[in-house]
Every structure is written in structure tokens, then in C-alpha cells.
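The values are calculated or read from the model by the stated rules, or taken from the named source; none is laboratory data. Please read all numbers here as calculations on a predicted model, not as lab measurements. Note: ideal-geometry Cβ built from the backbone for every residue, glycine included; neighbour counts use all protein chains shown. To get the accessible areas, we keep the full protein, side chains included, count just its heavy atoms, and leave off ligands, DNA and RNA. Shrake-Rupley method; radii C 1.70, N 1.55, O 1.52, S 1.80 Å.
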Amino acid sequence: AAARPAKHGYKEQTRLDRQVRDTWEIPKSRVKLDQRRWKRTLGPELDAIRAGLGLAEEHELRADLHNLLIYEPGQFFAPHQDTPKTDDMVGTLVVTLPCPFTGGALIVEHGGERLVSRAPRSPRGDELSFVAFYADCQHEVRPVTSGYRVCLTYNLSIVNESTSASALVSEDARLDALEQQVRLFFETAPEPRWSGPEDPPDRLVILLDHQYSRRGLGWRRLKNADARRAEALREVAERLECEIFLSQVQVHDTWGCDDDSYEFGYRGRGYRRWRDWEVFEEDFEEDAERSPELHDLHDSEVILTHLVGFDGEPDEVSTLVRSDELVHTTPSIDLDPLRSSHTGYMGNWGNTMEYWYERAAVVMWPLERAFVLRARASARWALDQVEQTLRLGLDEDARDMVRLFLPFWTRTVGKDVPTAFIKRLLRTSEQIDEPDIAAALVGPLRVEQLTSPMAAGLVALADRYGTEWITRALPETNERGFFAEERLSWLRSVPKLIDALLAQSSPSGRPVAQWLIQRQWAWLEAHYRRVAAEGPPSSRDTELRKLNEPILALLGSAARTESGEMRDGIVEFLASPHCPPLTLVELLRTARSRRSKNDVRRLGLAPVRAHAAAELAARLEFPERTADDWTIRSPSTCKCELCVELRGFLESSTETRRIWPLAKQRRRHIHDVIDSNELPVKHTTRREGSPHKLVLEKTQQLFHREAKARREWSKAASWLARTAGW
């Protein structure tokens, strides 16, 4: 009557699901114990538990009551791991009270070992059962078959975290052997994987056997053999002058497997729903869990995400671990993953199972390799070190630092770089006072990352190394797709950058601005031509209209820098046959609606207006299509024999239907030409004879489209006439 259904943890949630956990719970607030008498019983047990868990003698365990659980017949708890309630929680203690029951075995597993604890067998029925295990151990309670299983659960924590080397490392001979092996590890190059000799590993990453939360990862909270190994490695690190850390590790393994029809079980594969179990205790020893049969490890990605020094100070990094740097005593596949995913046969590759784990590791590296490793992990840290060295006046030392990390600098900097970092990078490149090194430092930057706050840094670089140096240091890129959209968005902000460059007191500001405009127009013109030549007509006009604002931004910037030749070149392109007149009218509308009359005049768009008006007039003067004229303008993209024959059909003014015997691949080609160019032609296949017949029929859409186009031309021409004096 005092109990309530017990919930269970799932990721960050707490759920009530009796198909995972079916038991009763009484909270600790409603449980009273005779603490004086109970401590006399619990104290000696905690000493035995401390020794059994492999903790040092100096460690004192504290047991905090969590709840009281009652399992009635049929109730159980599916396999799971306990969630640490506090940072210093190391394990769980289950005290089974003297209440007769059968079934209800507690099974604990970790690292391939299995412990089964059944009901006490005391003749008097007054025996207590104490079972303790680390919090990351997988455990379950099998269904009770009769009676009631009643137990107290405690959270185990370490009260005194002091750790001495003598407590964990006592055999000098074994330490000497370990030191020799670690030294050999750092001196031995791995076997070449592709071509050329390999360098010895820069660091040693030893995966631990137990799991630790980010908050709970600490040198004095390591468990069992992990603590002994870590302390031994710390002693060796001191002897070999190595830096040493604890780290959280993300592991992603991909395995090939033979079966894609397995049933998911709880251990790392979700959980099995336990229903209608009618089993006896002798059947509990084994649980035949179906799972895919793994064969080859296709890929394993290991990433360090969080370093902790012996002083407890965290160090945020995210670096990929090479296979030759990695050592483990327990492979990840023997542990329970955070999640998994199965992919069936895909044609080019077979069935695969993917597993994700969160593990912990001891990481160490020789002091002489510390700078390169930290620089590879963090571009910000590397730049900090160079800046500090320059402030001390050690210019040559700073240049030596940069030379060390230049081989991987582009990869370390990455694509998404904060503005503050770029400003620092430009300033440091100027202070380094070496053209080639400075060019390599700014080399990872993309043009569209330059904004007005960076104007001073760009001008300072031009003053130091010359404008010509900037053109080489920031090479051109040919972004398409997503990156083209990103660059177009950036082009709208270019006027602010140009104004900031011109506002600098140095005379280098103007040539840098002119260079920037010239480079961006070269890219934008090529992009315009590409868009005009690609894609269906319906989307082509829309995509071209998106370029109006960037074009006007560059035109305005050219006017600001007094680059008359550049401005005239842009206008000349716009007033050419490459630019559809309706798109030009939209550009003129945009210029008129968002700029003053004087600003529009400075843009020099009069030739563009004249060209658009003449082109529209010529189209409107062309006779309207008669009702019996079925001529369709043929696309000129393909010159094959099929397209030549198709062109004859399209350009015929009288032929509206053609039946064309063609094999499947040849029919498909015609389908693609018609669909990609949005031609007003219906195409179907008549499946008779061999080969089947392709039936082409011109549609009334031909006349509707042309009528709509003439209305748009007339409307645009009228607008040009009304605004001629602007």
C-alpha cells in the first residue's frame, strides 16, 4: 500500500514502462532504519566491498539509501545500467532482506564476466544478501516466480579520494617493464598502410574498461583495474617526461554482418519486451539473445572529446585518434553501446551493423610533441602561442612554431571560423614578417569570410607585403551549389567591406578594394553564365533574379572606388545577349526601389536600360503566332542523330504528332531532352511491336506560354517607358 510503480531511466528521460521495469518502489523518505544498529552491520560489509571493488585502502565508501524495492511474482527489471546520481557515485549496493522467494535472480555482467545472485538459502530465513557493483555494469533482475523479493538499494560514493602511487603501484619491476614498452611504443613506426614510411605515433591512447560520465571522470574516481593502470601510467609518464590526461572518447564502429532479420534485444540493441514469462530458476542461467553474426570490422572512428589533467583542469579538444595510437584490453564490441543501427543489403555493399560507444581513456604524449598535438587539436590554441611568442619579441621562434603546424593548418582551421579569430589571424600574419609563412597562415580562409571588421587587418597586410601578395595569399575558389548560395549572400554585404577598406588611413585601402571587386565580378559573371545555360527555363529566370542584388552591390562598390573601367565592364556584360531582358528589367526595378536617383545614375545603367528596351521592342514587333503554327524552338544542347531528328519534328510548323519506334535507352534520351527543356510536348510509350513506339504530341501549352510571354514583355516595356527619366 505504501509503494508505487518504479520508473526507469531512458537517455535523459525517466519513464514508466512495465515491459522494461515491473516492480514496486518505496522512496527513501518513507523508510526508517535503526541507524545505530544498522551501521554495525553495514560498516564491515562496506570494507569488504571496497576491497572487492579494487579500491585503495585509503578510500572510504559511503552508502546513501536510494529506495526500497518489492518484486511480487512475475515482476522483473530488464537488463540496464544505473545512471550515476552524483559525480562521486562509483557503484550500487543491493541489500536483499530476509523474505522467502524463488526466481528473481540478480545477474551482473561486465567485460565478459557474469555474476548470478539468487535468493538467500538460510535455514532460519534471516540471512541478508549484499551485492555491490560498479554503476556501469549491465545488470538485470529475472522474474520472481513465488514469494516477494524485498531489497534496499544504495548509491556508493567515495568519501576520501586521496590516492597515492604506493597504494596502486607497488612492483618496481613491472613499472620498469611498462616504462620500456611505452618508450618503445613512441620510438616504433607502424607498418606502412599505403605508401612511404610512417612516423612513430605522437601519442598513446589506452581505452579504460569502465564507463564514466563527463562529470564523473576524474583521476581519483577511476574504478578497479582502471585506477591501477592509470596510476602506473602516470608514474611512467613522469619518468619519460610525458604529459598525461584522462579523456572521454567517442567510438563509432561499423561491422559487416550476415543476418538482417535478427530480433533486437536489450543489451546495446534497444530492449526486449518481456511478456508472459513462465520460466523456472534453472532456465535463468542463459538468455538466448538473437543478434546478427558479425564478421569484419569495416571502420572504427575514435575521437577524443574532453581531456582532464591530473590537477582536474579540463581541456576541450576534439581530435581523431589514429589506429596506431590506440591500445585497449577490452574491445568496444564486448561493451554495451549507447545506440546501434542496422543497414540491410544495399547492392554495392552487404549488411552492416553500426555501434556508438562512449568510453574513457588515458592519453599521454612526450613533452617534445606536445606543441604539435595541441596545435592540431585547436587552431585557437596554436594562434595563442604564436601571439604570446611575438609579444615577447621572439619573432624567429614564432616563425618556427608556425612551420611546425603548417602541414595540417588548413584542416585544423576548418570552414566555420569566428570573426574574432580571423581578425587575430590577419594581425598575426602581418606581425610574422615573412611573406611565405604569412600566406600559408591566411591560406585556409575563404573570400566570403572577409567582412568589414577585417578591413584594418587586410590593409595592414597589404602595407606589409603589397597588394599583389594578397592576390596570391587568398586564392580564388569556384564554389557551386550550397557554397554558391553562401557566397551570393556574402556579396550583398560587400559594400560595407569596401567602405571600411576605403576608410583606412593607408593608401593601400583603395587598391585592395578594387582587387576585391574585380575578383568577385569575375566569379559572379561566370556564375551568371552557368545559371543561364543550365536548368529548366522556369527555374532559370528565378535563379538569375537572385543575382540582381549581388550585381548591384558590386556596381555600387566599383563606383565608390572610382573604378570606372570595372563598372563599365559590368554594365557591358549586362547589356549583352547573355542577359534576358525581363531579368534586366527586374534588376532596374530593384535599383530604382532601393536607391536614390543620384545613386542609380552613378551606377551607369543607361546602356542596360537601352538594351532591355530594344530587345523587348524587337520581340513585340515579331508577328504573333498563328493558330496553325506549331513551330517549337529547338534546344541546341545535343547534336546526336536522335536530337537532329527530334529537331525536325519540333521545328515543323504543321506536324503535331509523331510515332517513333525506339529502343528503351533511346526513348529515355528523348524523354530527358523534352523534360529538361520543359518543351510543350507530351511523350508516351506504346508498348507494341519491337522496339516499342514513342508517341510525341505537341500541346496547346505552346500557345499559352507564348501569349503569357508577350504580356510580360509588353508590361516590362511599358514600365521602361514610364521611368525613362529616372
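Computed quantities for the displayed model
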{"item": "Two-site FRET efficiency, Arg602 against Glu358, from Cβ-Cβ distance with R₀ of 60 Å, rounded to 0.05", "result": "0.50"}
{"item": "Computed E for Ser489/Ala48 - FRET, C-beta separation, R0 51 angstrom, nearest 0.05", "result": "0.15"}
{"item": "Distance in nm between pseudo-label sites at Asp672 and Asp463 (7 Å out along the Cβ direction from Cα)", "result": "5.7"}
{"item": "Label-point gap, in nm, between Glu127 and Asp499 - each point 7 angstrom along Cα→Cβ", "result": "8.6"}
{"item": "Distance from segment 453-475 to segment 21-45 (C-alpha centre basis), Å", "result": "72"}
{"item": "Solvent-accessible area of Phe703 with every protein chain in place, 1.4 Å probe, in Å² to the nearest 10", "result": "40"}
{"item": "Spin-label zone in segment 653-669 - amide nitrogen under 18 Å from a point set 7 Å from the Cα of Arg686 along the C-beta vector", "result": "655-664, 667-668"}
{"item": "Label selected from [x] 1.23; [y] 1.39; [z] 0.94, the criterion being Cα Rg over 2.2 N^0.38 Å as computed here", "result": "[y]"}
{"item": "Heavy-atom accessible area ranking, 1.4 Å probe, most first, across Asp296, Asp336", "result": "Asp296, Asp336"}
{"item": "Rounded, prolate or oblate (a/c below 1.5 giving rounded, otherwise prolate when a/b exceeds b/c) for segment 1-144 by Cα gyration tensor", "result": "rounded"}
{"item": "Separation between Cα centres of segment 691-706 and segment 595-653, rounded to whole Å", "result": "21"}
{"item": "Proximal lysines to Lys32, defined as alpha-carbon separation beneath 29 angstrom and excluding residues fewer than eight positions away on the same chain", "result": "Lys7, Lys85"}
{"item": "Carbon and sulfur %, accessible surface of segment 655-726 computed with the full protein complex present, 1.4 Å", "result": "49"}
{"item": "Extended-chain gain in nm, criterion 0.36 nm per residue less alpha-carbon gap, Asp311 and Phe622", "result": "103.5 nm"}
{"item": "Per the chain, cysteines lacking a partner by the 4.7 Å Cβ criterion", "result": "Cys99, Cys137, Cys151, Cys242, Cys257, Cys579, Cys640"}
{"item": "Heavy-atom accessible area per residue - segment 642-723, 1.4 Å, Å²", "result": "57"}
{"item": "Built amide H within the under 5 Å cut-off of Val144, gap 5+", "result": "Gly74, Gln75, Gly104"}
{"item": "Cα lying deepest toward the dipole's positive end in the chain, options Ala398, Pro100, Ser634, charges on Cβ", "result": "Ser634"}
{"item": "Spatially proximal lysines relative to Lys693 (Cα-Cα < 29 Å; intrachain offsets below 8 disregarded)", "result": "Lys639, Lys664, Lys682"}
{"item": "Fully extended contour minus Cα-Cα distance, from Leu240 to His578, at 0.36 nm per residue", "result": "114.7 nm"}
{"item": "Helical contribution to [θ] at 222 nm, DSSP H n ≥ 4, -39,500 (n - 2.57), averaged over the chain, rounded to 500", "result": "-12500 deg cm²/dmol"}
{"item": "Rounded to 10°, Cα long-axis angle of helix 379-391 versus longest principal axis of the chain", "result": "80"}
{"item": "Gain in span if fully extended, Lys39 to Thr83, counting 0.36 nm per residue against the direct Cα distance", "result": "13.3 nm"}
{"item": "Among 659-669, 140-150, the order from most to least packed when residues are scored by Cβ within 10 Å on average", "result": "140-150, 659-669"}
{"item": "DSSP-defined antiparallel bridges as percent of all bridges, the chain, nearest 5", "result": "95"}
{"item": "Lysines with Cα under 21 Å of Lys39, excluding same-chain neighbours fewer than 8 positions away", "result": "Lys28"}
{"item": "Rough spin-label spacing in nm, given labels placed 7 Å along Cα→Cβ, for Arg592 and Leu97", "result": "8.9"}
{"item": "In Å², nearest 10: area of Asp499 left accessible to a 1.4 Å probe", "result": "70"}
{"item": "Vicinal HN-Hα couplings computed from phi for segment 490-496 (Karplus, 6.51 cos²θ - 1.76 cosθ + 1.60; Hz; Gly/Pro x)", "result": "5, 4, 5, 9, 4, x, 5"}
{"item": "In degrees, nearest ten, helix 641-650 long axis to first principal axis of the chain (Cα)", "result": "60"}
{"item": "Part-to-part distance (alpha-carbon centres) for segment 186-256 and segment 65-114, which is given in Å", "result": "32"}
{"item": "Principal-axis tilt of helix 419-431 within the chain, Cα atoms, nearest 10 degrees", "result": "80"}
{"item": "Computed over the chain: relative contact order in percent, which uses C-alpha pairs under 8 Å that are six or more apart", "result": "8"}
